[in-house]
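Below is one structure; the comments refer to it alone.
The values are calculated or read from the model by the stated rules, or taken from the named source; none is laboratory data. Given the structure is predicted, the values throughout are model-derived calculations rather than measurements. In this analysis, Cβ positions are derived from the backbone assuming ideal geometry, glycine residues included, and neighbour counts consider all displayed protein chains.
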Amino acid sequence: MAETTSISRRGITFLGAALLASPTISWVPAAAAPGSVEATQYDTLYDLLQASNPSGTVWTRGDELAGDGAGVTYAVESSRPSGRLGNVSMLLANGKWAVPQSFSTQPARSTSTAAADDLISRGQSFVDAGTRLGWDGNGLTPLTGQVVHQVASEPYAVSCSTFVGMAVLGWDYQHTTYVADQNTKVGYYVDFGDGFETSRAWSANNLASWFYARGDVWLDVDNHYERGDIMFFSDPDRNAVTGGGVGARTIFGNVYHAAIYLGDGMLMHSTGVAAGQGVHVSKMWNFLKKDLSFVARPAWSSL
């Protein structure tokens with residue numbers, strides 16, 4: 001369903017940020033400003049991608065749910081722009097591109113050195129787990145709420161987004177159900193609210209969407225990232241849909257990978273079985289430099 005409304009080119013200002021699984025997040029359009037334009041509204045990214053012939057300025061009320069806080073304003077253009085803006089542009093059903101207009105290009109806050117060091121220390125515990133963890137995008141992890149060591153065998157499953165998710169929740173390896181009978185925060189953490197076990201945030205693109213809804217993400221066009229930031233990588237071609245038509249699934253910002261930035265061009269992440277262990281440290285490979293899109297600097301809470 002689409003309707004036309006008047007919005008600011010700055011996009012949407014959302015009030016509140018709960019779990020992506022909640023359909024009740026409050027939102028309001030940004031206040032009118034000079035340069036406001038008539039824009040066609042779609043409930044979700046899926047609705048936009050399925051639209052027969054969108055044109056001009058369009059905006060979504062949410063990512064996967066209308067009002068989930070992750071709506072985006074786009075300009076419909078005939079070709080995909082170059083660079084990082086092109087990385088997060090969405091291919092439409094009519095062959096044109098929805099080019100985002102509402103992403104911030106600056107971090108919302110300065111880095112907390114203490115929180116960054118603590119995050120990386122917790123992340124290192126997953127690296128130190130070595131081959132006790134193995135990359136598996138479909139296996140049970142502590143984020144499911146199950147006691148993994150009781151119901152699964154080594155190597156226990158981990159993926160790029162579940163690793164980052166556990167680390168930002170304030171857990172280290174020893175205090176997850178890979179080892180213990182319950183998950184326990186041991187340091188700085190991001191508050192995902194109650195019911196995180198059923199949250200859809202534990203895929204890379206939904207994690208980026210969740211941080212975006214909270215105002216923690218920016219589209220990094222000037223290499224503003226620092227040690228302890230969460231990095232996301234996007235590629236429209238990698239996320240092309242076959243067999244079901246464009247929009248059969250939606251990938252926020254074409255994000256396919258998440259990692260923790262260590263500084264000096266190094267990443268901590270989970271990349272696949274070829275790495276030999278579930279979580280490891282590597283340089284930011286050239287293709288990742290090309291595909292870098294969003295960076296998140298979380299709003300940390302402390303114990």
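Against the condition farther than 21 Å from D220 by Cα and assigned to a strand (DSSP E or B), how does V99 come out, does it pass?
So V99 fails the test.
For segment 124-138, state whether one or more residues are surrounded by 22 or more Cβ atoms within 10 Å (Cβ to Cβ) and free of Cβ contacts under 8 Å to residues at least 60 places away in the same chain.
No, segment 124-138 contains no residue that is surrounded by 22 or more Cβ atoms within 10 Å (Cβ to Cβ) and free of Cβ contacts under 8 Å to residues at least 60 places away in the same chain.
For H280, which of the numbered conditions (1) modelled with pLDDT under 95; (2) surrounded by fewer than 24 Cβ atoms within 10 Å (Cβ to Cβ); (3) in the same structural domain as F126 (by TED's automatic domain parsing) fails to hold?
(1)
Out of (1) within 22 Å of Q124 (Cα to Cα); (2) at pLDDT 95 or above; (3) of a type outside the set (A, V, I, L, M); (4) loosely packed, with under 14 Cβ neighbours inside 10 Å, what's the single condition that is false for K289?
Single failed check for K289: (1).
Is it the case that T111 is touching a Leu at 6+ places or on another chain (Cβ under 8 Å), of a type in the set (V, I, T) and part of a loop (DSSP other than H, G, I, E, B)?
no
Is segment 167-177 home to any residue that is without any contact (Cβ under 8 Å) to a residue 60 or more places away in the chain, surrounded by 22 or more Cβ atoms within 10 Å (Cβ to Cβ), more than 24 Å from G69 (Cα to Cα) and polar (S, T, N, Q)?
Taking every residue of segment 167-177 in turn, at least one turns out to be without any contact (Cβ under 8 Å) to a residue 60 or more places away in the chain, surrounded by 22 or more Cβ atoms within 10 Å (Cβ to Cβ), more than 24 Å from G69 (Cα to Cα) and polar (S, T, N, Q).
Among E77, E64, which is touching a Phe, Trp or Tyr at 6+ places or on another chain (Cβ under 8 Å) and either of a type in the set (S, T, Y) or within 16 Å of N254 (Cα to Cα) (or both)?
Exactly one residue qualifies, and that residue is E64.
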